[in-house]
Amino acid sequence: MFKDKTVWITGASSGIGEALALQFASAGARLVLSARREAELQRVRDLCIGRGLPADHLMTLPLDVTHFESMPEAVNRVLGAFGRIDMLINNAGISQRSLCIDTDMSVYRKLFEVDVLGQIALTKAVLPIMLEQGDGHIAITSSVAGKIGVAWRTGYCASKHAVMGFFDALRAETARHGIRVTTITPGYINTNISVHAVKGDGSELGAMTDEIAGGMDVNRCAEVIMKGFHRGVPEIAVGEGLEMKALWLKRLFPRLVFKKVADMW
Ligand SMILES: NC(=O)c1ccc[n+]([C@@H]2O[C@H](COP(=O)([O-])OP(=O)(O)OC[C@H]3O[C@@H](n4cnc5c(N)ncnc54)[C@H](OP(=O)(O)O)[C@@H]3O)[C@@H](O)[C@H]2O)c1
């Protein structure tokens, strides 16, 4: 299904993006790997080659998703290398660990720039190409935090709710043009997300939290996401903790979930 398709993954230098890159490498895709850390992108590129992907199927494209002005040039580089863009996976992201009362407005701005506006800007840069192709697939890594608000993450939950709304609305606009949109809703996944989470003053937490350390294995997570892509599921929920049960509990018994999340910290 993905053989020789051009798949562009942001946040590919680590965690879920890296694990997805390895899945697409095994599937024989043409891969564009983006994030800010070039050395880490090279490391992931080498791992993809180790999976049997030819070097001419791989492009590392350093990109900070908050640098909106660099996106047209980035799109041109992908088109120059591979001629088309079949899939964009907006996966780059940062989390937060601070109470609202202690969180500087600059932290909220940063969370929204990385987790929301960066995803929108790159999607807008790629959308005209997909419209011209009459075909394409755009995915966004939202979160269970995009469905349920929890303490210590007011800005993260707001940003993940925001992208959920944006990409649901985009799906409604693009379906008639042959462009699919997939929202991904991970629960706790064992990655570096909490290490790079921002605190109220903007500094990094710098630590793996217990819930992330005990989260789902990231390669297993990527397998589940790939299965969802294959099946054409519009919304992929992936995780194995109690937070996944909270997804459907929230729909049926919202007051119960509001109470639980208020009691649990
Ligand atoms: N792990 C979880 O429990 C969990 C749960 C739900 C949702 N998610 C979401 O999954 C996505 C991937 O996170 P992860 O868990 O894999 O964490 P991760 O290992 O920390 O990966 C985050 C990725 O985002 C990239 N990134 C951060 N800021 C960026 C920027 N300004 N421009 C470009 N790339 C940037 C990082 O690369 P550089 O530092 O090299 O730029 C890194 O590749 C995020 O959107 C996260 O919110 C994670």
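The values are calculated or read from the model by the stated rules, or taken from the named source; none is laboratory data. Please read all numbers here as calculations on a predicted model, not as lab measurements. Neighbour counts are summed over all protein chains in view; Cβ atoms, including those assigned to glycine, are modelled from backbone coordinates with ideal geometry. Accessible surface is based on the protein model in full, side chains and every heavy atom, while ligands, DNA and RNA are left aside. Shrake-Rupley method; radii C 1.70, N 1.55, O 1.52, S 1.80 Å.
Computed quantities for the displayed model
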| item | result |
| --- | --- |
| Residue in the range 215-235 that is nearest to the ligand (Cβ to nearest atom), counting only those that are outside any helix (DSSP H, G or I) and of a type outside the set (Asp, Glu) | GLY215 |
| Matching residues, the range 81-98, being within 18 Å of ALA25 (Cα to Cα) and either in a loop (DSSP other than H, G, I, E, B) or out of contact with any helix residue (DSSP H, G or I) (no Cβ under 6 Å at 6 or more places or on another chain) (or both) | ALA81, PHE82, ARG84, ILE85, ASP86, MET87, ILE89, ASN91 |
| Matching option when the condition is assigned to a helix (DSSP H, G or I) and open to solvent by less than 40 Å² (accessible area, probe 1.4 Å), among ILE212, ILE184, ILE138 | ILE212 |
| Selection status of ALA158, out of contact with any Pro (no Cβ under 7 Å at 6 or more places or on another chain) and without any contact (Cβ under 8 Å) to a residue 24 or more places away in the chain | no |
| Any hit, the range 91-99, residues being open to solvent by 60 Å² or more (accessible area, probe 1.4 Å), more than 22 Å from LYS3 (Cα to Cα) and among the hydrophobic types (A, V, I, L, M, F, W, C) | no |
| Residue identified as closer than 21 Å to ARG251 by Cβ, more than 11 Å from the ligand (Cβ to nearest atom) and open to solvent by 20 Å² or more (accessible area, probe 1.4 Å) among ALA207, ALA169 | ALA169 |
| Qualifying position, being within 19 Å of the chain's Cα centre (by Cα), modelled with pLDDT of 95 or more and on the phi < 0 side of the Ramachandran plot, among SER95, SER26, SER70 | SER95 |
| Complete set of residues in the range 20-30 that are open to solvent by less than 30 Å² (accessible area, probe 1.4 Å) and more than 14 Å from the ligand (Cβ to nearest atom) | PHE24, ALA25, GLY28, ALA29 |
| Residue within the range 1-19 that is more than 9 Å from the ligand (Cβ to nearest atom) and among the small types (Gly, Ala, Ser) present | no |
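Yes/no per residue for (1) open to solvent by less than 30 Å² (accessible area, probe 1.4 Å); (2) part of a helix (DSSP H, G or I); (3) of a type in the set (Asp, Glu); (4) at pLDDT below 95:
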{"position": "ALA237", "(1), (2), (3), (4)": "no, no, no, no"}
{"position": "LYS250", "(1), (2), (3), (4)": "no, yes, no, no"}
{"position": "ARG255", "(1), (2), (3), (4)": "no, yes, no, no"}
{"position": "VAL261", "(1), (2), (3), (4)": "yes, yes, no, no"}
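The rows are residues; the columns are (1) open to solvent by 60 Å² or more (accessible area, probe 1.4 Å); (2) more than 16 Å from the ligand (Cβ to nearest atom); (3) in a helix (DSSP H, G or I).
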position	(1), (2), (3)
VAL32	no, no, no
ARG36	yes, no, no
ARG43	yes, no, yes
ASP46	yes, no, yes
LEU63	no, no, no
LEU79	no, yes, yes
